[in-house]
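The values are calculated or read from the model by the stated rules, or taken from the named source; none is laboratory data. Keep in mind it's a predicted model, so treat the numbers as computed, not measured. Here the Cβ is made from the backbone with ideal geometry for all residues, glycine too, and neighbour counts use every protein chain on show.
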Amino acid sequence: MELNWIRTFVTLAHFQHFTKTSEFLNLSQPTVSVHIKKLEESLGVKLIDRSSPHIPFTLTPAGQKVFAEGQKMMEIWKSMEHSGDEQDEILLRIGSTHTVSAALLPDFVKKIKILYPHVRLQIKVHNHDGIVELLENHELDLAIVEGTRGIEPFQTEIISRDELRFFAKRGMTLHSSPLILREEGSGTRDYAEQFIKSEQINPAEIIEAGSHHLIKQLALRGLGIAFLSSSMVKEEVANGTLFPIDPYVIHRPFYAVCPADSRAEEMIKEMIGMLKENL
């Protein structure tokens, strides 16, 4: 029996919904089903009943008991992990770049608050260089970034992957239109400059903006070509207000970064595993 199976079942029993469970845990729906099946096989009992035509499933009597005991097990496990802490409440300092804060952080924080109710979060969002500086000054327990510059001294793991593209109103080209980019020191800016250099593009103008939201708004007004994560313009692409400029696509990893002497090392390892589950 694995803790991940129990966590998946407890979450499913809580939400009473497979889609919400898969979204919350960042797992595919087939993976959720596999976890439930493996837990049932391990215990030798059926935990959910799908015979009703009106609702997706109900908990069997055994499932209700396992749900109650599973909740206790999750709390006990968390308490054991932090039994050496002097305080019941743990401060976890998380830093992220602007891209990550928009693409990953909201769902990640939601998971932390449900699975680690005793954790008090302090979240700092900066560009890449700012996050590295906070790590160097021992002001973060965990950082999530999209670039590698300066993170070599720390423990790093790839936790997710992202797609970067150029987006604009119709009729714009990379060689004749202004490019709207993040400021220097941003991880996204680094990727943009590497690409521009490799493709030998001489942009007509570079407009710098300090936030992805502003970059998108400037592109929507036809002022240039935005370089953004595809996750940030899904709605605009779907409704035809912005278009990707083909065939230029850049894939980049997101990294979890933490100091070797982190105060909450075991808990952070579990959180990183949670982020990686759908990699």
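Return the only residue of Leu140, Leu134, Leu121 being surrounded by fewer than 18 Cβ atoms within 10 Å (Cβ to Cβ), modelled with pLDDT of 90 or more, closer than 30 Å to Ile76 by Cα and not assigned by TED's automatic domain parsing to the domain that holds Phe243.
Details: Leu140 fails: surrounded by fewer than 18 Cβ atoms within 10 Å (Cβ to Cβ); Leu134 fails: closer than 30 Å to Ile76 by Cα.
Matching residue, one of Leu140, Leu134, Leu121: Leu121.
Quick one: which residue in Ala209, Ala256 is surrounded by 13 or more Cβ atoms within 10 Å (Cβ to Cβ) and more than 17 Å from the chain's Cα centre (by Cα)?
Values: Ala256 fails: more than 17 Å from the chain's Cα centre (by Cα).
Exactly one of Ala209, Ala256 is surrounded by 13 or more Cβ atoms within 10 Å (Cβ to Cβ) and more than 17 Å from the chain's Cα centre (by Cα), namely Ala209.
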Gly185: passes all of (1) more than 23 Å from the chain's Cα centre (by Cα); (2) part of a loop (DSSP other than H, G, I, E, B) but (1)
So, in region 188-202, of the ones that are in a helix (DSSP H, G or I) and among the polar types (S, T, N, Q), which residue ends up surrounded by the fewest Cβ atoms within 10 Å (Cβ to Cβ)?
-> Ser198
Matching residues, region 18-57, being more than 19 Å from Ile272 (Cα to Cα) and modelled with pLDDT under 85 | Lys20, Arg50, Ser51, Ser52, Pro53, His54, Ile55, Pro56
Quick one: how many residues across region 264-278 are at pLDDT 75 or above and among the small types (Gly, Ala, Ser)?
-> 1
In region 22-52, which residue that is more than 26 Å from the chain's Cα centre (by Cα) and in a helix (DSSP H, G or I) is surrounded by the most Cβ atoms within 10 Å (Cβ to Cβ)?
-> Leu39
Members of region 15-56 that are in contact (Cβ under 8 Å) with a residue 60 or more places away in the chain and not hydroxyl-bearing (Ser, Thr, Tyr) = Glu23, Phe24, Leu25, Asn26, Leu27
Within the group Asp246, Asp261, which residue is closer than 20 Å to Leu164 by Cβ, more than 19 Å from the chain's Cα centre (by Cα), of a type outside the set (Ser, Thr, Tyr) and at pLDDT below 90?
-> Asp246
Quick check: anything in region 163-180 buried (at least 18 other Cβ atoms within 10 Å of the Cβ), among the β-branched types (Val, Ile, Thr) and outside the structural domain of Arg221 (by TED's automatic domain parsing)?
-> no
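Can Ile250 be described as under 23 Å from Gly147 (Cα atoms), among the aliphatic types (A, V, I, L, M) and touching a strand residue (DSSP E or B) at 6+ places or on another chain (Cβ under 8 Å)? Let's see the steps before the verdict.
Values: under 23 Å from Gly147 (Cα atoms): yes; among the aliphatic types (A, V, I, L, M): yes; touching a strand residue (DSSP E or B) at 6+ places or on another chain (Cβ under 8 Å): yes.
Answer is yes for this residue.
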So which residues in region 189-235 are closer than 14 Å to Thr97 by Cβ and acidic (Asp, Glu), if there are any at all?
-> Asp190
Can you run down the residue pairs with Cβ atoms below 6 Å, 6 or more apart or on separate chains, where the first is in region 134-148 and under 22 Å from Tyr191 (Cβ atoms) and acidic (Asp, Glu) and the partner is part of a strand (DSSP E or B) and modelled with pLDDT under 90?
-> Glu146/Arg252
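Output the residues belonging to region 214-239 that are touching a residue at least 12 places away in the same chain (Cβ under 8 Å) and within 22 Å of Ile144 (Cβ to Cβ). Let's see the steps before the verdict.
Taking region 214-239 and keeping what is touching a residue at least 12 places away in the same chain (Cβ under 8 Å), we get 215-216, 218-220, 222-233, 236-237.
Within region 214-239, Ile215, Lys216, Phe227, Leu228, Ser229, Ser230, Ser231, Met232, Val233 meet the criteria.
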Taking region 58-95 and keeping only residues that are surrounded by 15 or more Cβ atoms within 10 Å (Cβ to Cβ) and modelled with pLDDT under 70, one is left with Lys78, Glu81, His82
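How many of the residues making up region 163-182 are under 18 Å from Pro247 (Cβ atoms) and within 28 Å of the chain's Cα centre (by Cα)? Steps first, answer last, please.
Of region 163-182, the ones under 18 Å from Pro247 (Cβ atoms) are 163-168, 170-177, 179.
Still in the list and also within 28 Å of the chain's Cα centre (by Cα): 163-168, 179.
Summing the residues that are under 18 Å from Pro247 (Cβ atoms) and within 28 Å of the chain's Cα centre (by Cα) in region 163-182 gives 7.
Look at Gly224 and say whether it is crowded, with 17+ Cβ neighbours inside 10 Å and at positive phi. Quick ask: steps written out before the conclusion?
On the way: crowded, with 17+ Cβ neighbours inside 10 Å: yes; at positive phi: yes.
Criteria met by Gly224.
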